[in-house]
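FYI, it's all coordinate maths here, none of it is from the lab. Predicted model, so just to flag it, every value in this text is computed and none were measured. Backbone-built Cβ (ideal geometry, glycine too); neighbour counts: all protein chains shown.
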């Protein structure tokens, strides 16, 4: 069984009954499929959920005069354990290939892992290279416009230098001047008439002249 990392790490477990270090393995239940049984045993002995890949081979030996066959599949383990170890296993270690081979207790398993471990590591690299890479997120027109849009700063009122007179706008220049009051106009007329008439005139004559002037102003 292989786990991801900077390099491939292989799981080996220590049995509680004799402290021997072995590859994860176990016995099939009645009517259990070999692949299903292999996955179950690996989860129970390592605590990691796994994904089963291709068949990797088998080893045979005799125990108590009876032949036994152990089949192996390459499995990819999750990064973190999700189950407790079963009572028959006292420890589990994830080691690089050479260290895992040295730690195993049985020569037959050492030979098997030495021959298949390199192939398992190479397959792991092929799987990693075959994974589709995420394409960079495309920028929509709306998001691009939002990025380019900036708020215009508000214009501050311009301060005028002391001593300078602000020019009037066209609207102010075009406004008509207010006419002077009638009383002021009459007074100006009286002064003008008095200056033009060299000789004194009667009040009645002056009054008639003023009336004519006021009549012209009114018209």
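Residue order for 48, 83, fewest other beta carbons within 10 angstrom first, comes to 83, 48. Listed from fewest to most Cβ neighbours within 10 Å, the set 64, 118 follows the order 64, 118.
By the equivalent-ellipsoid construction on the alpha carbon gyration tensor, the stretch 53-93 comes out with semi-axes of 26, 18, 6 Å, ordered largest to smallest. DSSP finds beta bridges in the stretch 2-130, and of those with both partners inside it, around 90 percent are antiparallel. Expressed in units of 2.2 N^0.38 Å, where N is the residue count, the Cα radius of gyration of the stretch 1-88 is 1.11.
The length gained by stretching the chain between residue 98 and residue 32 to full extension, at 0.36 nm per residue less their Cα-Cα distance, is 20.4 nm.
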